[in-house]
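Comments concern the structure below.
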Amino acid sequence: MTQPNSIEEQLDRQAPAVFIMPAVLIVLFFSIFPLIVSLFVALSRLKFVKGGIQAKFIGTLNFKKLLFGSQQYHFLGKFDQLTLFGYCLIGIFLMIVIFWLYKYLRSGHSSIAGTIGRLVVATGMFFLTLLTIINLTTPKGLPGTLVVTLIYVILGVIIQYIIGLGLAMLCVQNIKGRNFFRMVFFIPMMITPVGIAYLFRMLTDMTKGPFAPIIMWLGMEESSWAVIPWGARIAVMIGDAWQWIPFMFIVLLAGLESLSTEQKEAAVMDGAGKWQIFRDITWPTLLPVSVTIILIRLIEAFKIIDLPNVMTNGGPGIATESLSLHSYFNWRTMDLSGSAAVGYLLMVVAVFICLSFVNIVKNRVEIAQR
Amino acid sequence: MKFFKLITKRRSIEEPSILEGGLSYIVLGVWAFICIFPIYWVIVTSFKEPYVVNQGPFYIPFWDFQPSLHAWDFVFMQESMNTLRPFFNTVIISLISALITLLIGSMAGYALVRIHYRPKIISIAFFILLLALGTFLIVKFGLDWRVTVISASAIFLLFIFTLSRRFKASLGNNDIGFWMISQRILPPVVVVIPIYIFFQQLGMLDSYPAMIITYVAINIPIVVWLMRDFFFSIPIDLEENAALDGASRYRIFTTIVLPLAKPGLSATFMLVLILCWNEYLLSLFISLTDTQTLPIMIASMNTTRGPQWWYMSVIIILMIIPVILIAMFLYRFIIRGLLVGAIKG
């Protein structure tokens with residue numbers, strides 16, 4: 001056997017490693033390693049000195065500042081005494097949670113691990129709900145970046161899903177031009193969010209935008225959505241929805257198209273109404289796909305930064321500032337540790353909500369499908 | 001009454017009645033208008049002179065205002081605007097990083113389908129332990145990072161070839177695939193600060209390699225996930241025959257597998273290209289001036305010049321037209337790529 005041949009053979013024996021190692025190493029180096037470094041950064045105070053960075057280990061001080069200290073208003077928002085309405089909402093929430101746990105414990109297939117997991121989820125959800133209610137329903141309460149992000153994620157994804165589903169249901173009927181609609185609806189998804197932010201700023205300009213005559217006719221040309229907290233938040237959410245409804249639409253349409261018509265016809269023969277067909281045939285088929293796309297959107301929605309940054313710059317005040325934007329603002333003022341701390345808290349919340357969703361909703365749907 | 005019956009009568013289960021069909025068309029038409037109108041408006045605005053914009057809304061060129069190339073001329077001819085540099089930066093960075101991502105990602109995707117890996121849990125745990133320990137030592141005691149990296153890798157290699165053989169528990173290919181895709185849950189702001197510090201230490205901030213490798217790292221999980229599904233659908237017989245004839249794995253991969261996976265490759269490439277083209281957050285942290293990309297440039301125009309809608313429209317068009325063209329021609333492929341993740345989930 002000649003020498004070059006043996007080198008080739010050597011190489012071939014190493015092929016499994018050669019194929020997968022580049023990807024594994026890059027992912028390791030650019031997400032696992034940074035994740036660990038980020039934790040250290042968040043636990044220390046960084047200073048830029050000549051020729052490098054000086055780090056001083058200070059423990060959980062950065063997190064304490066965000067949760068209880070001088071940055072609390074920014075991260076958690078402002079608190080106030082709960083109103084009667086707030087107490088009612090919390091009561092309703094607690095009742096739902098207790099009923100849910102009770103049902104699980106009585107279901108017969110409960111386990112200790114499952115119970116503990118559900119208790120953890122219930123506790124986390126309780127604190128997030130409590131925070132949201134305190135921030136939003138009390139007279140002096142103001143939402144911080146955490147609750148603003150939750151509004152974007154939860155409210156935004158629900159709205160996008162409902163509109164996307166409605167459009168897909170309309171489009172799946174036997175009407176002409178389905179492909180045309182599919183292509184047109186697809187366009188917004190491909191546009192960069194920064195571009196969308198400017199598009200919407202142009203469109204909502206009160207005096208020079210295309211809807212100025214309507215606004216003038218309503219007599220609102222002196223007001224602006226940008227100075228009202230909820231106006232600005234809704235504007236950001238509309239931009240996000242404009243981009244992501246197409247995604248919901250396309251996936252749900254594909255799901256609806258895979259539905260067989262025979263089942264439907266049989267149901268009509270049996271005298272089923274439209275609502276019954278939707279509830280008993282369409283909805284169960286769509287459920288797995290729906291859960292998956294909602295999960296994908298939940299994951300992506302937590303990362304929202306470009307729309308609020310460009311449309312409103314986080315304003316008025318901090319009304320539209322998402323957690324990613326909060327982290328970026330901290331970084332811009334050279335507070336690297338504060339930035340990393342916010343990023344870590346964002347990750348904890350995002351992973352908590354996504355994992356809860358997977359464990360509570362997705363797995364249950366998948367078991368039910370089997 | 002007869003008329004009402006006529007328009008509400010369903011012709012078949014799939015076919016809506018005239019009334020329902022009409023209403024559906026109206027709703028879908030309104031939504032199509034909502035999708036298209038912003039883009040129409042930005043195109044129209046780019047042909048307006050500043051005074052036209054300031055006078056209020058005008059909708060149709062030649063009919064209620066006289067279009068001009070003023071803004072286009074300014075963006076392309078004026079040196080001070082310096083638009084073309086971010087544009088070419090974006091083109092170069094997204095093309096190169098999409099190509100590299102595709103290559104590395106499809107290799108890994110192929111390997112996950114055809115080769116069985118059994119990474120030992122104990123080795124992974126030991127690796128993470130070493131990583132955390134090394135980072136801690138560097139941050140807390142200011143150890144030289146080169147010394148730490150070399151000694152840690154030496155210890156790790158020693159461990160792999162000696163102690164780790166005693167442990168049997170291992171993971172499979174699906175675990176590796178899931179681990180890759182789970183990287184998407186990490187918010188980029190968590191990982192971008194260490195990457196920023198890292199490149200700053202190397203003096204590589206604001207350079208092409210730094211931008212490209214970061215983009216590659218962020219997009220690899222998607223490519224691996226998508227290409228894995230495409231490779232699943234390729235029949236294994238051809239490869240087995242080639243292997244019997246004595247072809248190496250590399251030859252099989254380059255001459256048989258890649259040509260067969262062309263549709264999947266092109267769709268994934270386009271998807272990654274669009275993701276890189278639109279990337280905002282990473283560029284915001286890592287690029288300064290030399291490698292600034294278009295999204296950053298658009299975002300910063302606001303603060304420096306105020307809302308000069310006519311110039312911004314031109315730049316937004318430059319930004320979105322390539323993507324829309326790709327999307328129009330390849331939307332079937334891209335949709336298929338999107339559905340792979342969602343439908344199989």
Identify the residue in the range B:28-47 that is more than 8 Å from every other protein chain (Cβ to nearest Cβ) and either of a type in the set (A, V, I, L, M) or within 14 Å of B:SER313 (Cβ to Cβ) (or both) and, among all such residues, is surrounded by the fewest Cβ atoms within 10 Å (Cβ to Cβ).
-> B:VAL30
Matching residues in the range A:273-290 (within 11 Å of chain B (Cβ to nearest Cβ) and without any contact (Cβ under 8 Å) to a residue 40 or more places away in the chain) number 3
When both residues are 6+ apart or on different chains and their Cβ atoms are under 7 Å apart, which pairs have a first residue that lies in the range A:331-359 and is free of Cβ contacts under 8 Å to residues at least 40 places away in the same chain and part of a helix (DSSP H, G or I), and a second that is of a type in the set (Val, Ile, Thr) and surrounded by fewer than 19 Cβ atoms within 10 Å (Cβ to Cβ)?
-> A:VAL351/B:ILE185
Out of A:SER290, A:SER327, A:SER322, A:SER337, sole residue that is assigned by TED's automatic domain parsing to the domain that holds A:TRP230, touching a strand residue (DSSP E or B) at 6+ places or on another chain (Cβ under 9 Å) and polar (S, T, N, Q) = A:SER337
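Residues are listed down the side, and each one gets a yes or a no for (1) small (Gly, Ala, Ser); (2) on the phi > 0 side of the Ramachandran plot; (3) surrounded by 12 or more Cβ atoms within 10 Å (Cβ to Cβ):
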site	(1), (2), (3)
A:PHE93	no, no, yes
A:HIS109	no, no, no
A:ARG118	no, no, yes
A:ALA122	yes, no, yes
A:LEU142	no, no, yes
A:VAL148	no, no, yes
A:VAL157	no, no, yes
A:GLN160	no, no, yes
A:ASN174	no, no, yes
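Please note which helices (runs of 4 or more DSSP H) are completely contained in the range B:114-227 and include at least 1 residues that are facing chain A (nearest Cβ under 8 Å) and closer than 25 Å to B:LEU102 by Cβ.
Numbers: elements: B:121-141, B:145-161, B:173-182, B:188-202.
By residue number, B:173-182, B:188-202.
Mind telling me which of the residues B:ARG118, B:ARG114, B:ARG85 ends up being touching a Ser or Thr at 6+ places or on another chain (Cβ under 7 Å) and of a type in the set (Lys, Arg)? Spell out how you get there, then give the answer.
Details: B:ARG114 fails: touching a Ser or Thr at 6+ places or on another chain (Cβ under 7 Å); B:ARG85 fails: touching a Ser or Thr at 6+ places or on another chain (Cβ under 7 Å).
Sole residue among the options that is touching a Ser or Thr at 6+ places or on another chain (Cβ under 7 Å) and of a type in the set (Lys, Arg): B:ARG118.
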Within the range A:1-53, residues being at pLDDT 85 or above and not in a helix (DSSP H, G or I) number 1
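The values are calculated or read from the model by the stated rules, or taken from the named source; none is laboratory data. Values in this document were obtained by computation on a predicted structure and should not be read as measured data. With ideal geometry, Cβ positions are generated from the backbone for all residues, glycine too; neighbour counts draw on all protein chains shown.
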